[in-house]
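Below you'll find the structure, written out as structure tokens, and then a few comments.
Laboratory data are not the source of any read-out in this text; all were calculated from the coordinates shown. Given the structure is predicted, the values throughout are model-derived calculations rather than measurements. No Cβ is skipped: glycine too gets one built from the backbone with ideal geometry, and neighbour counts run over all protein chains shown.
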Amino acid sequence: IRRALSIPIATGEHKYTRWGIKSLIDAGAADVLQPDIYWAGGLSEMTKIAALASAFDLLVIPHGHSVPASIQFYASQSPAVSPIMEYLDKWNQIHQFFLKNAPEPRDGFVTIPSEPGMNMELDESKIASRKELTWS
């Protein structure tokens, strides 16, 4: 597809680990790599993917529903490798509903949280009920 079109091709959401992403690179299939941080192997694996992409002058823009992890990833990367963030409005409202301070873009920017960790504290008031899990 990439060779037949004149527009940049972004892909990689369903590729897992750097080896899956490397198959896209080897095939010359992408201009922009978009692995999902959660599915690709977490922040450590994404850092390796970004280093690999950089060696081939490719951009890495993680798939946009894993925003708390994406913020941490972008904070660790050069804008030359990861210049923009994908933010999926509908899915982030669903996936982040229970978060006390869900990250949201303001004027086109997402702020790095000042709290420790990934800022994924649950908002107890949004949890309707709790059940004790019992294992039989």
### Query
Does at least one position in region 124-132 carry a residue that is basic (Lys, Arg), farther than 27 Å from Ile21 by Cβ and in contact (Cβ under 8 Å) with a residue 24 or more places away in the chain?
yes
### Query
Can we say Ser44 is closer than 16 Å to Met118 by Cβ, over 11 Å from the mean Cα position of the chain (by Cα) and among the hydroxyl-bearing types (Ser, Thr, Tyr)?
yes
### Message
I want to confirm something. Restricting to region 73-102 and keeping residues that are in a helix (DSSP H, G or I) and surrounded by 18 or more Cβ atoms within 10 Å (Cβ to Cβ), which single residue is farthest from the chain's Cα centre (by Cα)?
### Response
Asn92
